[in-house]
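The values are calculated or read from the model by the stated rules, or taken from the named source; none is laboratory data. This structure is a prediction, so every number in the text was calculated from the model and none was measured. Cβ placement follows ideal geometry from the backbone for every residue including glycine, while neighbour counts extend to all protein chains displayed.
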Ligand SMILES: Nc1ncnc2c1ncn2[C@@H]1O[C@H](COP(=O)(O)OP(=O)(O)OP(=O)(O)O)[C@@H](O)[C@H]1O
Ligand SMILES: [Mg+2]
């Protein structure tokens, strides 16, 4: 650093800039405002992008769930039939109904004590019957999940088994959903946050470890709000499970609530479920697409692949059901499920429309703000740039004799040019650094004041600094070039 | 060392043409000390600018150390100025707010090899200051130096790249006669002791007498060119 400051070009620049100190500082200020605005603009843009993304994920717009069984032709919306459909049940019913009865404590459920029931020779038969009655047998396997993972455009795959369970903590108990699932689940549910602990690991999944992650609602009900359940034991199916984490919502769009499927739930490795319940099937497989717009294509690919894997003939019906957000959105929107399904499966690219609608609303707001900031940034950078040009021209005029002298002792045009360009860049870069500091503070301020998430990435800081430097080079170019073209004799004569 | 052949320089001012030089031919041998005199506007400075590679002649040839430099591109001329020529001006042309030492270092920022290392720059600049007897003023800024001292710093700056040709355009124009003679003594010594070729423009006859040879300009032509038999001792007044 010290050596750098001693370099003659730098030394000359410092001397020259301190000669017109006030002008230099004012010019830097202009650049600083511009750069700060650029940074704030990108922070707002990135923040909006992230919150859109988060909500897209929260809404599961890039998600396809493949459920075992085909309830398309036969299902009627009788309570009995949907009782075992888990998610599907949720989606097929009006949200208000859902709220009304799911918060009521359920006193009895046929699978209340599955250990006992599944040990019974007819237990699996009964489950099978139920599913068979809905269109197919329990045909989905871990190998299916592995096969889906190989499809292009697939991001994550998680197999799942879902049961209603009663979780015991000493005398307290809570009736909730149990999801036997894959380690990949937190990646799929991007809108998850762990209020304490963690999700289970690949090793725990391999071993079928008796570990459980509690949804926030379950943790609150059993341990009380604010308690730390991690490390404690709870009982399911008369088996001890160690609590390793508590999961809650990462976004304000979704709030944990009793009766919801995500946070009024417990999670464990599907291997553990399979081991304890003596099962080999999967209830469903959740697939996320790398791109939300790719859902329709991916749905067709998945259908094709599974039909081949399950050996289904051309004229036979699927033995599985694809559920995407489009079908869900249509049913919660009030369409009868059968109509919703028909629409969803016949209107191509429907998912895109749903996605775009959500994204567009968010984007419209962020775009207005971004454009506003971009305009301010452009104007202040332009003004700052003209300031740089002005101060550099002033400097060239004031130092004409000096330029002539330097040329007389051997400086070439490019040496002179470099000197003045450097001085212009020093102003803009210093203004840029100040602007970065101000911009970061402004971004935090915007986030606080407007409740608008802002993201300052290292990349945007680098870009802002790059823009500042570029402004210096651009606006310093003309004066520096003019200086380099001076005739030494004319320059030396100037007074 | 220097050979000019039929050097002419025209300036176009508006519609009419100013013939600053109308065909100058002369040769200057190495280690010669030439003084140039002549009335104002006779083309002395124009001639010297061409000798110093600051300007190019309209017609004619200029051979410097046997090389035709009258047609070199600007960057090459800059290099010749840096390596072969040292310049001293009437107005000193020192950088303000910059120490004598740093002023002397200036040509070392523009050598063919780029910027000379700081320690070496310092050392060479000190040696140049020593040659003009100003080592004790190395850290002084120009405004802390007398006119004579400033001109000596300028001479040191001209010497620092060890050129073979030293050009001075009225170096004593801004100095009183005592200091003028001091400065001329330095030029004379550099020529006789170090073998530098020195060309000095002056208006004063007694200053011109320091040269081993005096050339008289008039209206863009050389009207007389004669050797000074013996060096005239310094005469005040
Ligand atoms: N850049 C220029 N443009 C036009 N005319 C010029 C230019 N430089 C010099 N001249 C003219 O050329 C002629 C010679 O000028 P020069 O400076 O060489 O004279 P000089 O002998 O050095 O005079 P002085 O003793 O006053 O310094 C003058 O008539 C001058 O007006
Ligand atoms: Mg002159």
Residue B:56 fails exactly one of (1) more than 16 Å from ligand 2 (Cβ to nearest atom); (2) more than 14 Å from every other protein chain (Cβ to nearest Cβ), namely (2)
So, first residue farther than 18 Å from residue B:53 by Cα in the stretch B:2-22, second residue within 10 Å of ligand 1 (Cβ to nearest atom) and assigned to a strand (DSSP E or B), Cβ within less than 7 Å, six or more apart or across chains; the pairs are B:17/B:10; B:18/B:10; B:18/B:11; B:19/B:10
Residue within the stretch B:42-57 that is at negative phi, loosely packed, with under 15 Cβ neighbours inside 10 Å and more than 12 Å from ligand 1 (Cβ to nearest atom) present: no
Here the residues within the stretch B:114-144 that are away from chain A (no Cβ under 12 Å) and assigned to a loop (DSSP other than H, G, I, E, B) are B:132, B:133, B:134, B:138, B:139, B:140
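How many residues are assigned to a loop (DSSP other than H, G, I, E, B) and either surrounded by fewer than 16 Cβ atoms within 10 Å (Cβ to Cβ) or within 14 Å of another protein chain (Cβ to nearest Cβ) (or both) if we restrict to the stretch B:70-89?
Initial filter on the stretch B:70-89 (assigned to a loop (DSSP other than H, G, I, E, B)): B:70-73, B:84, B:89.
Then keep just the ones that are either surrounded by fewer than 16 Cβ atoms within 10 Å (Cβ to Cβ) or within 14 Å of another protein chain (Cβ to nearest Cβ) (or both); that gives B:71-73, B:84, B:89.
Counting residues in the stretch B:70-89 that are assigned to a loop (DSSP other than H, G, I, E, B) and either surrounded by fewer than 16 Cβ atoms within 10 Å (Cβ to Cβ) or within 14 Å of another protein chain (Cβ to nearest Cβ) (or both) gives 5.
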- Might you let me know whether the stretch B:158-170 holds any residue that is out of contact with any helix residue (DSSP H, G or I) (no Cβ under 6 Å at 6 or more places or on another chain) and within 16 Å of ligand 1 (Cβ to nearest atom)? yes
Checking B:215, B:223 in turn, the sole residue that is assigned to a strand (DSSP E or B), in contact with a strand residue (DSSP E or B) (Cβ under 9 Å, 6 or more places away or on another chain), within 16 Å of ligand 2 (Cβ to nearest atom) and more than 14 Å from chain A (Cβ to nearest Cβ) turns out to be B:215
From the option list A:230, A:308, A:266, A:246, single residue qualifying as closer than 26 Å to residue A:149 by Cβ and under 32 Å from the mean Cα position of the chain (by Cα) is A:266
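From the list A:480, A:453, A:468, pick out the single residue that is over 30 Å from residue B:53 (Cβ atoms), more than 16 Å from ligand 1 (Cβ to nearest atom), part of a helix (DSSP H, G or I) and in the same structural domain as residue A:38 (by TED's automatic domain parsing).
On inspection, the qualifying residue turns out to be A:468.
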Note on residue B:173: of the conditions (1) closer than 26 Å to residue B:83 by Cβ; (2) in a loop (DSSP other than H, G, I, E, B); (3) more than 13 Å from the chain's Cα centre (by Cα), unmet is (1)
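Residues to consider are A:246, A:266, A:287; find the one that is assigned to a strand (DSSP E or B), in the same structural domain as residue A:69 (by TED's automatic domain parsing) and farther than 19 Å from residue A:161 by Cα. Reasoning before the result, please.
Working: A:266 fails: farther than 19 Å from residue A:161 by Cα; A:287 fails: farther than 19 Å from residue A:161 by Cα.
Answer to the selection: A:246.
With away from ligand 2 (no atom under 16 Å from the Cβ) and surrounded by 15 or more Cβ atoms within 10 Å (Cβ to Cβ) as the only criterion, which of B:5, B:16 stands out?
Numbers: B:16 fails: surrounded by 15 or more Cβ atoms within 10 Å (Cβ to Cβ).
The unique qualifying residue is B:5.
Which residue, of A:397, A:392, is in a helix (DSSP H, G or I), surrounded by fewer than 23 Cβ atoms within 10 Å (Cβ to Cβ) and away from chain B (no Cβ under 14 Å)?
Working: A:392 fails: surrounded by fewer than 23 Cβ atoms within 10 Å (Cβ to Cβ).
Just a single option satisfies the conditions, and that option is A:397.
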Please work out if residue B:66 is more than 30 Å from residue B:108 (Cβ to Cβ) and either surrounded by fewer than 14 Cβ atoms within 10 Å (Cβ to Cβ) or within 14 Å of chain A (Cβ to nearest Cβ) (or both). no
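Within the stretch A:195-204, which residues are out of contact with any helix residue (DSSP H, G or I) (no Cβ under 7 Å at 6 or more places or on another chain) and crowded, with 17+ Cβ neighbours inside 10 Å? Reasoning before the result, please.
At the first step, the residues of the stretch A:195-204 found to be out of contact with any helix residue (DSSP H, G or I) (no Cβ under 7 Å at 6 or more places or on another chain) are A:196-198, A:200-204.
The answer is A:196, A:197, A:200, A:204.
Within 19 Å of the chain's Cα centre (by Cα), within 9 Å of chain A (Cβ to nearest Cβ) and under 16 Å from residue B:198 (Cα atoms), is that true of residue B:152? Outline the logic, then answer.
Working: within 19 Å of the chain's Cα centre (by Cα): yes; within 9 Å of chain A (Cβ to nearest Cβ): no; under 16 Å from residue B:198 (Cα atoms): yes.
No.
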Residue count, the stretch B:19-40, condition in a loop (DSSP other than H, G, I, E, B) and away from ligand 2 (no atom under 14 Å from the Cβ), comes to 4
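Evaluate the following for residue B:159: is it within 16 Å of ligand 2 (Cβ to nearest atom), within 14 Å of chain A (Cβ to nearest Cβ) and under 21 Å from residue B:124 (Cα atoms)?
On the way: within 16 Å of ligand 2 (Cβ to nearest atom): no; within 14 Å of chain A (Cβ to nearest Cβ): yes; under 21 Å from residue B:124 (Cα atoms): yes.
Taking the combined requirement at face value, the residue does not satisfy it.
For residues in the stretch B:96-113 being assigned to a helix (DSSP H, G or I) and more than 10 Å from every other protein chain (Cβ to nearest Cβ), which is nearest to the chain's Cα centre (by Cα)? So that I can check it myself, show each step before the final result.
To start, the set of residues in the stretch B:96-113 that are assigned to a helix (DSSP H, G or I) comprises B:100-110.
With the extra rule that they be more than 10 Å from every other protein chain (Cβ to nearest Cβ), the set shrinks to B:100-101, B:104.
Values: B:100: 19, B:101: 20, B:104: 15 Å.
Among those that are assigned to a helix (DSSP H, G or I) and more than 10 Å from every other protein chain (Cβ to nearest Cβ), it is B:104.
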**Prompt:** Quick check, is residue B:33 touching a strand residue (DSSP E or B) at 6+ places or on another chain (Cβ under 8 Å), within 15 Å of ligand 1 (Cβ to nearest atom) and either closer than 28 Å to residue B:173 by Cα or within 14 Å of another protein chain (Cβ to nearest Cβ) (or both)?
**Reply:** no
